[in-house]
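**Q** Can you keep this structure in mind? I'll have questions shortly.
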């Protein structure tokens, strides 16, 4: 590689102007060449200095109050975390189901139209959980199987609680999930509740997955980091509700739903089916 | 009948590209306070790293101080990218709430705070620009007038501190001294988020010319700002 060409690539990479193949070349270069890595780091520093060339302007003074008020609201929301369920016994699970049922009723009263339709899937989960509880009570599975089953039920119940809390939050932030070319008409919403400190993805009409594949939720935190936060397989109609177990400090600015091979994944592989940019007021 | 999905690796162009590059670490650390006794009142306030750490323990006063220190700069960058006050204020709100939600996202070992903050701001502003462009079918902001905006500059920002203000002036001088075609490609890349191919399409210049201008512009800028970069890298002022 000619020196000029090397400099062009490093400078272009730091500026974010390269094509994908050129960017890959740079990543390969700096992975094996510490000098190039140092040069690139220096270019990065230089690039961010360009921001300082802007003429200074002032925002609306009231913006300061809005930002601080929003921060205080979020701080209060963090303190209202959901308690973790204790080890699950059939009796405790039954009680939890009752709690969920109450919450579910509240949810139904508080929501209309599409929300009600989306929530119908929850009822199926409750019924399924009840059947599993019956199986435990009847002593059908072995001890290990019971524990595993109980854990699944506990998780399902927790999810239902979270979904109910998010959907009934009057200040829930709702963002549409937009389909890409691979979405084939799928749609959905990303719901975030500061009060519940939780997020839920509600999607419908997702394309059928090939065998051995799952949908994976990737979240871009706005700090150049992509995090995989959940995997799921939708029901036969392509519908799903997914609880995203995030911490208050991990709120995304973008969310992607990607079809991927099942199993662990450290990088985004596969087509994006739905995506959303999360904006807050 | 539902469509069947045929996965193709990395087929969607809307993904962030390139993905974060692991293992690249900027050197130096962020110091926005002047040493010696020449400082203004701003120089007596806590360093950025300390404020970020305090934010991690819920210190809203730390957020207030960071906001007062950098909000004008964040807003100015947002405005430069978006050319819309309301959208630029949205960027300000988003950036500072993100700091509040995740102060640990800033790792002092990975570079100076101001560089990191500007990177976050620019990314958010460019995301917003792309979203708005898609939604409203707004066409280019090529006419975005650097010189016109420059004439409206409010001048020094006392909140930024003496050292950072001097650095800002040095960067502006260095950018102004660049040959206009080189400055233009750097600004289109940085503030409009255009790739080299897109810059070539927009300016009508051959791609090779654009690449050369990027290289020469960055090299000139690096030479002009060598002192600023070295000071920061060696832990000196600003």
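The values are calculated or read from the model by the stated rules, or taken from the named source; none is laboratory data. From a predicted model like this one, the values you see are computed outputs, not experimental measurements. Positions of Cβ are generated from backbone atoms using ideal geometry, with glycine treated the same way; all protein chains shown enter the neighbour counts.
**Q** Looking at the structure I just gave you, is residue A:78 modelled with pLDDT under 85 and not in a loop (DSSP other than H, G, I, E, B)?
**A** Details: modelled with pLDDT under 85: yes; not in a loop (DSSP other than H, G, I, E, B): yes.
Taking the combined requirement at face value, the residue satisfies it.
**Q** So if I check each of B:95, B:120, which one is modelled with pLDDT of 90 or more and at the interface with chain A (Cβ under 7 Å from one of its Cβ atoms)?
**A** On the way: B:95 fails: at the interface with chain A (Cβ under 7 Å from one of its Cβ atoms).
Testing whether each residue is modelled with pLDDT of 90 or more and at the interface with chain A (Cβ under 7 Å from one of its Cβ atoms) leaves just B:120.
**Q** Now for a different question. Considering every residue within region B:145-153, establish whether at least one is more than 9 Å from chain A (Cβ to nearest Cβ), modelled with pLDDT under 55 and part of a helix (DSSP H, G or I).
**A** First, the residues of region B:145-153 that are more than 9 Å from chain A (Cβ to nearest Cβ): B:145, B:147-148.
Filter once more, so that each one left must be modelled with pLDDT under 55: B:145, B:147-148.
Now restrict to residues that are part of a helix (DSSP H, G or I): B:147-148.
Within region B:145-153 (the criterion being more than 9 Å from chain A (Cβ to nearest Cβ), modelled with pLDDT under 55 and part of a helix (DSSP H, G or I)), the answer is yes, since at least one residue qualifies.
**Q** Sticking with this structure for a sec: Would you mind finding the one in A:261, A:276 that is modelled with pLDDT of 80 or more, more than 17 Å from residue A:187 (Cβ to Cβ) and within 12 Å of chain B (Cβ to nearest Cβ)?
**A** Details: A:276 fails: more than 17 Å from residue A:187 (Cβ to Cβ).
One residue alone meets the criteria, A:261.
**Q** With respect to the numbered conditions (1) within 7 Å of chain B (Cβ to nearest Cβ); (2) crowded, with 16+ Cβ neighbours inside 10 Å; (3) modelled with pLDDT under 90; (4) over 30 Å from residue B:208 (Cα atoms), which one is the sole condition not fulfilled by residue A:68?
**A** Only one criterion in (1) within 7 Å of chain B (Cβ to nearest Cβ); (2) crowded, with 16+ Cβ neighbours inside 10 Å; (3) modelled with pLDDT under 90; (4) over 30 Å from residue B:208 (Cα atoms) is unmet by residue A:68, namely (3).
**Q** Just checking, how many residues over region B:213-233 are closer than 27 Å to residue B:127 by Cα and either in contact (Cβ under 8 Å) with a residue 12 or more places away in the chain or more than 7 Å from chain A (Cβ to nearest Cβ) (or both)?
**A** Total satisfying the criteria: 5.
**Q** Identify, please: which residue in region A:4-15 is within 7 Å of chain B (Cβ to nearest Cβ) and under 20 Å from residue B:123 (Cβ atoms) and is, among those, surrounded by the most Cβ atoms within 10 Å (Cβ to Cβ)? It would help to see each step written out before you state the result.
**A** Of the residues in region A:4-15, the ones within 7 Å of chain B (Cβ to nearest Cβ) are A:4, A:7-8, A:11-12, A:15.
Retained after the next criterion (residues that are under 20 Å from residue B:123 (Cβ atoms)): A:11-12, A:15.
Numbers: A:11: 27, A:12: 24, A:15: 25.
By that ranking, first place goes to A:11.
**Q** Just to check your reading of the model, which residue among B:35, B:48, B:68 is at pLDDT 50 or above, more than 7 Å from every other protein chain (Cβ to nearest Cβ) and more than 17 Å from the chain's Cα centre (by Cα)?
**A** Values: B:35 fails: at pLDDT 50 or above; B:48 fails: more than 17 Å from the chain's Cα centre (by Cα).
Within the list B:35, B:48, B:68, the selection yields B:68.
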